[in-house]
1. Kindly evaluate Val64 against the criterion of being under 19 Å from Glu3 (Cα atoms), crowded, with 19+ Cβ neighbours inside 10 Å and of a type outside the set (Ser, Thr, Tyr).
2. Which one is nearest to Ala73 (Cα to Cα) among residues in the range 12-34 that are in contact with a helix residue (DSSP H, G or I) (Cβ under 7 Å, 6 or more places away or on another chain) and of a type outside the set (Lys, Arg)?
3. Taking the stated definitions as given, is Ala73 surrounded by fewer than 17 Cβ atoms within 10 Å (Cβ to Cβ), closer than 28 Å to Gly11 by Cβ and among the aliphatic types (A, V, I, L, M)?
4. For Val36, state whether it is at pLDDT 95 or above, under 15 Å from the mean Cα position of the chain (by Cα) and either farther than 19 Å from Leu131 by Cβ or outside any strand (DSSP E or B) (or both).
5. Between Asp101, Asp129, which is at pLDDT below 95 and surrounded by fewer than 17 Cβ atoms within 10 Å (Cβ to Cβ)?
6. Filter the range 13-33 for residues that are in a loop (DSSP other than H, G, I, E, B) and surrounded by 15 or more Cβ atoms within 10 Å (Cβ to Cβ); which is farthest from the chain's Cα centre (by Cα)?
7. For the range 69-142, which strands (runs of 3 or more DSSP E) that fit wholly inside it have 1 or more residues that are small (Gly, Ala, Ser), touching a strand residue (DSSP E or B) at 6+ places or on another chain (Cβ under 7 Å) and in contact (Cβ under 8 Å) with a residue 60 or more places away in the chain?
8. Evaluate the range 87-95: report whether one residue or more is crowded, with 17+ Cβ neighbours inside 10 Å, touching a helix residue (DSSP H, G or I) at 6+ places or on another chain (Cβ under 9 Å) and over 19 Å from Val127 (Cα atoms).
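The values are calculated or read from the model by the stated rules, or taken from the named source; none is laboratory data. Worth saying up front: this structure is predicted, and the values here are computed from it rather than measured. Positions of Cβ are backbone-derived with ideal geometry, glycine not excepted, and every protein chain shown enters the neighbour counts.
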Amino acid sequence: MVELDHSYSNGKPIEHNWETILDLEKLVSCVEGGSVTEATSPESVKAQIKVKMGAMSMTYTGTVALIEQDPDAHRAVLQVKSREAGGQGHANADVTFTLADGGATIHTAAQITGKAASMGEGVVQNVLDALIRSFTEKLSAI
């Protein structure tokens, strides 16, 4: 299990940030290499992500679902469940957004198995950290 905390600032009102977090298609497109393949409901999408880890490049396909939302506290939890295309591994994560005026904090708890995990926890953590930092930069620009 890899746990990471990030935050971002965008100077925008909390309601704007809340609407952005709830728009899964917009949210997934902020992930480097991520794309929505099908919207299955307002709270769930099928998605894929291409991730580069060192010399290896892997594609994961799965779902992103909004499993918890508290509009009063401006807190939302997304659950990511994905499998490595053509491999045995998976990458699952619970991502908790806690919003405030002007930005948010993001807590990620991820479980990675398969080829990616075999590269070592340090590599996985560095790749995931860079992916989330890139995500927060794109998200803050929306």
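1. For Val64, the condition - under 19 Å from Glu3 (Cα atoms), crowded, with 19+ Cβ neighbours inside 10 Å and of a type outside the set (Ser, Thr, Tyr) - is met.
2. My answer is Ile21.
3. Yes.
4. No, not satisfied.
5. Result of the check over Asp101, Asp129: Asp101.
6. Gly33
7. 103-112
8. Within the range 87-95, not a single residue is crowded, with 17+ Cβ neighbours inside 10 Å, touching a helix residue (DSSP H, G or I) at 6+ places or on another chain (Cβ under 9 Å) and over 19 Å from Val127 (Cα atoms).
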